[in-house]
1. Scan (1) surrounded by 15 or more Cβ atoms within 10 Å (Cβ to Cβ); (2) under 23 Å from Lys254 (Cβ atoms); (3) not assigned by TED's automatic domain parsing to the domain that holds Glu106 for the single condition Glu430 breaks and write down its number.
2. Looking at Arg234, is it under 30 Å from Glu378 (Cα atoms), free of Cβ contacts under 8 Å to residues at least 60 places away in the same chain, open to solvent by 10 Å² or more (accessible area, probe 1.4 Å) and more than 9 Å from the ligand (Cβ to nearest atom)?
3. Which one is nearest to the ligand (Cβ to nearest atom) among residues in the range 242-267 that are open to solvent by 20 Å² or more (accessible area, probe 1.4 Å), within 12 Å of Asn440 (Cα to Cα) and not in a loop (DSSP other than H, G, I, E, B)?
4. Being out of contact with any Lys or Arg (no Cβ under 8 Å at 6 or more places or on another chain), away from the ligand (no atom under 16 Å from the Cβ), farther than 18 Å from Asn170 by Cα and open to solvent by 10 Å² or more (accessible area, probe 1.4 Å) narrows it down to one of Glu192, Glu270, so name that one.
5. Can you find, within the range 212-230, the residue that is least open to solvent (accessible area, probe 1.4 Å) among those that are part of a loop (DSSP other than H, G, I, E, B) and near the ligand (Cβ under 6 Å from one of its atoms)?
6. For the range 87-132, how many residues are charged (D, E, K, R), open to solvent by 30 Å² or more (accessible area, probe 1.4 Å), out of contact with any Lys or Arg (no Cβ under 7 Å at 6 or more places or on another chain) and more than 20 Å from Glu178 (Cα to Cα)?
7. In the range 370-428, what residues are part of a helix (DSSP H, G or I) and within 16 Å of the ligand (Cβ to nearest atom)?
8. Under 7 Å between Cβ atoms, at least 6 apart or on separate chains: pull out the pairs that start in the range 40-55 with a residue that is farther than 22 Å from Phe22 by Cβ and end on any residue that is among the basic types (Lys, Arg).
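The values are calculated or read from the model by the stated rules, or taken from the named source; none is laboratory data. Quick caveat: nothing in here was measured; it's all calculated off a predicted structure. We place every Cβ from the backbone using ideal geometry, glycine too, and count neighbours over all the protein chains shown. Ligands, DNA and RNA are stripped out before the accessible areas are found, and what is left, the full protein with its side chains, is counted by its heavy atoms. Shrake-Rupley method; radii C 1.70, N 1.55, O 1.52, S 1.80 Å.
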Amino acid sequence: METRYRNWIGGEWVEARSGETFVSTNPARPAEELGEFPRSRGEDVRAAVDAAAQAFAAWSRTPAPKRAEILYRVARLLEERKEELARTMTREMGKVLNEARGDVQEAIDMAYYMAGEGRRLLGYTTPSELPSKACFAIRRPIGRIGLITPWNFPIAVPSWKILPALVAGNTLVWKPAEDTPRTAYEFARIFEEAGLPPGVLNVVFGYGEEAGRPLVEHPQIDMISFTGSTEVGRDVYTRAARKLIRVHLEMGGKNPIIVMDDADLDLAVEAIVWSAFGTTGQRCTACSRLIVHEPVYDRLIERLAEATQALRLGDGLDPDVQVGPLVNEVQLDRVHRYVELGIRGGATKILGGERATEGDLAQGYFYKPTLFVDVTPEMRIFREEIFGPVLCVVKARDYDEAIRLANDTTYGLSSAIFTRDIHLAMRAIEDLEAGITYINHGTIGAEIHLPFGGVKDTGNGGREAGLAALDEYTEWKSVYIDYSGRLQKAQGIE
Ligand code: NAD
């Protein structure tokens with residue numbers, strides 16, 4: 001057992017009021033514990049929201065460039081600790097070390113980017129329809145924001161929320177995922193060391209229904225930003241709707257890659273393997289449906305099977321490993337249930353489809369990368385988010401059928417097409433129903449200065465990252481200054 005960790009409320013590290021705890025473990029070796037964390041409930045959440053409410057007046061009045069100085073310090077501390085944070089992340093949720101480094105790097109990039117916004121946070125001026133009158137629009141903070149995040153990007157995803165929300169002058173209560181509390185703790189410590197005033201960011205550890213729900217329902221929370229499954233997001237949205245507050249939702253995906261007959265197949269295979277099996281398939285942008293143009297179908301499947309077979313499973317700290325474990329036993333069972341559903345539904349499994357139990361793998365939640373062919377759009381494995389190393393392959397007669405298949409989903413996060421035909425590539429940008437489209441690249445690899453998010457059941461219209469993030473975490477205020485000295489009525493009213 002490592003240490004016992006605490007919630008961060010009003011600048012103090014405190015136990016859950018109940019004294020209850022839960023333990024975080026390593027999915028590659030569940031006997032290894034990463035610490036004991038407060039199992040928070042409504043009373044802890046209320047204390048955290050009170051702290052955020054108290055801190056709001058001073059923080060929102062702190063000039064944005066001053067707020068940004070703290071973000072610069074966060075960026076530098078993240079750089080210094082990058083390796084240490086990445087190793088903790090790998091031990092806690094399993095992704096291979098190189099990917100964990102990328103996860104931390106996203107937060108570093110976001111910290112510098114949003115720190116720069118401290119000297120912009122641009123509004124605009126515009127002429128009035130009346131003489132001697134000035135008009136401008138400025139950004140104001142929203143207030144106290146509740147953040148709820150998943151385990152699969154335990155630093156990157158929280159950073160997309162925390163950093164823009166802070167630079168904009170909001171105060172925050174963050175409920176990190178119960179599978180990655182240690183990584184969240186290490187991230188939170190950086191804000192403390194960077195000199196963030198007490199209560200501006202508060203962290204409450206615990207489970208979704210026990211700590212997440214009271215945060216959503218708290219009357220003093222002015223906005224919820226949630227990343228996680230569509231099922232939970234729907235519940236969060238519905239509950240928050242009663243309070244008429246803003247809700248930002250980033251949810252699931254069932255992301256397609258289309259490969260046309262003129263594609264560079266070597267490039268496509270490399271990208272498909274990276275998109276489908278990177279992070280063990282546990283990315284919201286993971287490719288889980290591959291749509292292949294008939295003329296290259298057999299050739300592509302053969303090469304893909306070869307490349308998939310060559311993937312090495314194991315502890316993500318081992319530099320020779322490409323695929324780490326699934327995050328926990330529940331996820332392992334869920335992935336396997338989907339594989340059984342696929343087989344029963346008539347799909348042909350050509351690779352994987354079982355837990356990996358060779359040698360040391362037996363102790364962890366390892367699942368063999370799995371390839372299904374002969375998949376049809378009615379099958380549940382084609383329709384539902386599996387969130388594991390399972391790729392479903394379908395054949396398309398032509399471009400139009402490929403697009404129809406790609407769009408035949410309730411999700412709409414990422415999408416990709418491999419083709420050398422500029423006409424098809426340009427058409428696909430218009431035709432693919434998704435928040436992100438890649439040309440000649442897999443479905444993963446977003447950069448932090450572009451908007452990130454999806455259409456359909458992936459989101460509710462908002463976007464994370466890039467300048468779009470500032471629209472999420474600020475309210476517009478319109479200001480009219482009349483210096484005519486008389487009452488001028490707009491719309492030409494006499
Ligand atoms: P999840 O929905 O189970 O949990 C997400 C968070 O919500 C956790 O912190 C959890 O404790 C909390 N939660 C659970 N029930 C709650 C409730 N009733 N009220 C309030 N909070 C509650 O998701 P997960 O398993 O942690 O993450 C995987 C999911 O996240 C996948 O669906 C994936 O696609 C999605 N995801 C989406 C994006 C994106 O940007 N679109 C990014 C990463 C992950």
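1. For Glu430, the failing item is (1).
2. Working: under 30 Å from Glu378 (Cα atoms): yes; free of Cβ contacts under 8 Å to residues at least 60 places away in the same chain: yes; open to solvent by 10 Å² or more (accessible area, probe 1.4 Å): yes; more than 9 Å from the ligand (Cβ to nearest atom): yes.
In short, yes.
3. Checking each candidate, the answer is Leu267.
4. Glu270
5. Ranking the candidates gives Gly228 first.
6. So the count comes out to 5.
7. Residues satisfying the conditions are Arg380, Ile381, Arg383.
8. Ala52/Arg144; Ala53/Arg144
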